[in-house]
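For reference, the structure is listed below as structure tokens.
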Amino acid sequence: MIRTGMFVIGIVAMFFLGGAPSQISIADSEYDPFQPVQIITSAHGPDQNGPVIPGYAEPLPEGPGLSVNYINDIGIVDDPSVLFADDFEQSMLDEHWDHTWANRGESRIIHDKIGVHSGGSAYMARIHRPADGPSSVGARKFLLPGHDTLFFRYYAKYSSNSELYHGGTHNAASIAARRPDEIYESYAGVYAKGDNLYSIILDTWRPDSTVASPGEMAFYCYHMHQGHQWGDHFFPSGRVLPGGRELFGPKFVPRDDFTPERGRWYCYELMIIANTPGERNGRAAFWVDGILTGDFPNLEFRNTAELKPNRIAFQLYTHNEQITGDVTMWFDDAVAATSYIGPRTER
Ligand SMILES: [Ca+2]
């Protein structure tokens, strides 16, 4: 009876929160994801004027965020919470982004209708395969000295013919923390020790051709309890490669795993909340089209408050020889902020 009552409350809560009933899952946890019923619009918790609460593990917002105040994102860069915005309309990739690169591929502004979400231009990342070495393209923005809570929203589309395989492949956006004098470092294969690095990349995971390309969406994460030197993959359902869902503690809410369709735009948003040093109250989450799709609490990223999320990026990378043709992604309408952004409000 108690669970039935909670379920009914949950349906009502999801209606007001704008979430999808398919997200409901209470079978695997004693945590009641529907109480308290409140919409949290930032990491400040219920008190918008209060201090940022690291790892705030109450329900996260869904649907519109601060973007609701800026039709078509016009003026959004002036919002007090917004740190950076680029709709790629000014065709100045190297001036807006601090570091761009293209090895065995292309990284540039395009104006083709197929790759533009808004306006007349967007950012294209394309890796050429096969190739005589790793293919790597991307663009990074530094947000120094950093922010304990960081959200990164953007629109992205995979080309219809992109055949991705993993591992040795990364595809989409990331948030990373680096020492300021090491802001350019990739540090692949380096353990996160609490004072040197941590990161999340919103990858997909496709082990073989029995799984549809680009594969199921997952966070590729470097954190203090990662299972091996190459980091972990976190899936919304609670699967961890390597490891298990116990990593996320008793408040973890499993959700349906998600495979994006190629050839269509989605609005993605990443969030990272750095933990209080000495406590496992860090959190990472992502949204698809304004629906909370993956939420991973109980994380420990750092043992010093000095190491803050301070770098965002788009990237495509592979050295996987299963990928035998070019892979293309388009990105548009990027916004980074210290509170939830949400999809564009379009008129
Ligand atoms: Ca645009």
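May I ask you to list the residues in the stretch 78-121 that are at pLDDT 95 or above, over 21 Å from Cys267 (Cβ atoms) and within 10 Å of the ligand (Cβ to nearest atom)?
His111
Among the residues of the stretch 120-143, write down those that are aliphatic (A, V, I, L, M) and more than 14 Å from Trp97 (Cβ to Cβ).
Ile127, Ala131
Testing Tyr56 on (1) at pLDDT 75 or above; (2) surrounded by 16 or more Cβ atoms within 10 Å (Cβ to Cβ), one condition comes back false. Which one is that?
(1)
Matching residues to (1) in the same structural domain as Ser107 (by TED's automatic domain parsing); (2) part of a loop (DSSP other than H, G, I, E, B); (3) over 21 Å from Phe84 (Cβ atoms); (4) within 16 Å of the ligand (Cβ to nearest atom):
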position: Thr293; (1), (2), (3), (4): yes, no, yes, no
position: Glu306; (1), (2), (3), (4): yes, yes, yes, no
position: Gln322; (1), (2), (3), (4): yes, yes, yes, no
position: Asp332; (1), (2), (3), (4): yes, no, no, yes
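Which count do you get for residues in the stretch 190-236 that are more than 13 Å from the chain's Cα centre (by Cα) and either farther than 18 Å from Tyr158 by Cβ or in a loop (DSSP other than H, G, I, E, B) (or both)?
30
Anything in the stretch 237-254 that is out of contact with any helix residue (DSSP H, G or I) (no Cβ under 9 Å at 6 or more places or on another chain) and in a loop (DSSP other than H, G, I, E, B)? List them, or say none.
Listed by number, the residues that qualify are Pro242, Gly243, Gly244, Gly249, Pro250, Lys251.
Pull out all pairs, ordered by first then second residue, where Cβ-Cβ is under 7 Å, the residues are six or more apart or on different chains, the first lies in the stretch 278-301 and is among the basic types (Lys, Arg), and the second is in a strand (DSSP E or B) and buried (at least 22 other Cβ atoms within 10 Å of the Cβ).
Pairs that qualify, where the first residue is among the basic types (Lys, Arg) and the partner is in a strand (DSSP E or B) and buried (at least 22 other Cβ atoms within 10 Å of the Cβ), are Arg280/Leu299; Arg283/Ile273; Arg283/Phe296; Arg283/Pro297; Arg283/Leu299.
For the stretch 143-161, name all the residues that are aromatic (Phe, Trp, Tyr) and either out of contact with any Cys (no Cβ under 7 Å at 6 or more places or on another chain) or modelled with pLDDT under 95 (or both).
Correct list: Phe151, Phe152, Tyr154, Tyr158.
On the basis of being over 21 Å from the mean Cα position of the chain (by Cα) and over 23 Å from His319 (Cα atoms), does Gly120 make the cut?
Here the answer is yes, as Gly120 does meet what is asked.
Output the residues belonging to the stretch 168-189 that are in contact (Cβ under 8 Å) with a residue 24 or more places away in the chain and part of a loop (DSSP other than H, G, I, E, B).
Gly168, Arg179, Ile183, Tyr184, Tyr187, Ala188, Gly189
For Gly243, which of the numbered conditions (1) of a type in the set (Gly, Ala, Ser); (2) within 18 Å of the chain's Cα centre (by Cα); (3) surrounded by fewer than 21 Cβ atoms within 10 Å (Cβ to Cβ) fails to hold?
(2)
Among the residues of the stretch 231-277, write down those that are free of Cβ contacts under 8 Å to residues at least 60 places away in the same chain, in contact with a Phe, Trp or Tyr (Cβ under 7 Å, 6 or more places away or on another chain) and farther than 30 Å from Ala305 by Cβ.
Result: Asp257, single match.
Looking only at the stretch 255-268, decide whether some residue is surrounded by 20 or more Cβ atoms within 10 Å (Cβ to Cβ), in contact with a helix residue (DSSP H, G or I) (Cβ under 8 Å, 6 or more places away or on another chain), assigned by TED's automatic domain parsing to the domain that holds Tyr220 and assigned to a loop (DSSP other than H, G, I, E, B).
Yes - at least one qualifying residue is present in the stretch 255-268.
Given (1) crowded, with 17+ Cβ neighbours inside 10 Å; (2) within 21 Å of Ala188 (Cβ to Cβ), identify the lone condition not met by Ile110.
Looking at each condition in turn, Ile110 falls short on (2).
The values are calculated or read from the model by the stated rules, or taken from the named source; none is laboratory data. None of these values were measured; they are calculated from a predicted model. FYI the Cβ positions are ideal-geometry reconstructions off the backbone, even for glycines, and counts take in every protein chain you see.
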